Amino acid sequence: MNDELFNLELRKFLKRFGVTAQRAIEQAVQSGLASRKLDGTERLPVRATLEIPGVLAQVTVEGEIALEGEGPPPAT
């Protein structure tokens with residue numbers, strides 16, 4: 001295996017995932033605010049799941065996104 005290529009490809013994928021997820025979250029929150037489903041003070045639970053069919057069953061990362069005030073406590 002070419003470790004350098006693998007690392008580069010992994011970083012590209014994670015960057016693409018991060019940018020895509022951030023845009024989707026921003027759009028969903030703006031839509032929620034516009035439709036008044038959100039009032040802008042919520043702490044939204046969030047979950048991201050990653051899998052690599054045949055290699056990695058599933059990794060789930062959970063957290064919280066604060067729309068106002070202090071952010072969530074640091075992950076442990």
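Numbers for the structure displayed
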item	result
Filter result for the condition that a residue is under 12 Å from the mean Cα position of the chain (by Cα) and at pLDDT 95 or above, over Leu33, Leu10, Leu14	Leu14
Counted residues, segment 11-69 - those being touching a residue at least 12 places away in the same chain (Cβ under 8 Å), out of contact with any helix residue (DSSP H, G or I) (no Cβ under 9 Å at 6 or more places or on another chain) and part of a loop (DSSP other than H, G, I, E, B)	3
Top-ranked residue in segment 20-76 [being within 27 Å of Leu10 (Cβ to Cβ) and of a type in the set (Ser, Thr, Tyr); ranked as surrounded by the fewest Cβ atoms within 10 Å (Cβ to Cβ)]	Thr76
Residues of segment 1-10 classified as assigned to a helix (DSSP H, G or I) and either among the hydrophobic types (A, V, I, L, M, F, W, C) or touching a Phe, Trp or Tyr at 6+ places or on another chain (Cβ under 7 Å) (or both), total	4
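The values are calculated or read from the model by the stated rules, or taken from the named source; none is laboratory data. What you see is a predicted model; the values in this text were computed from it and never measured. FYI the Cβ positions are ideal-geometry reconstructions off the backbone, even for glycines, and counts take in every protein chain you see.
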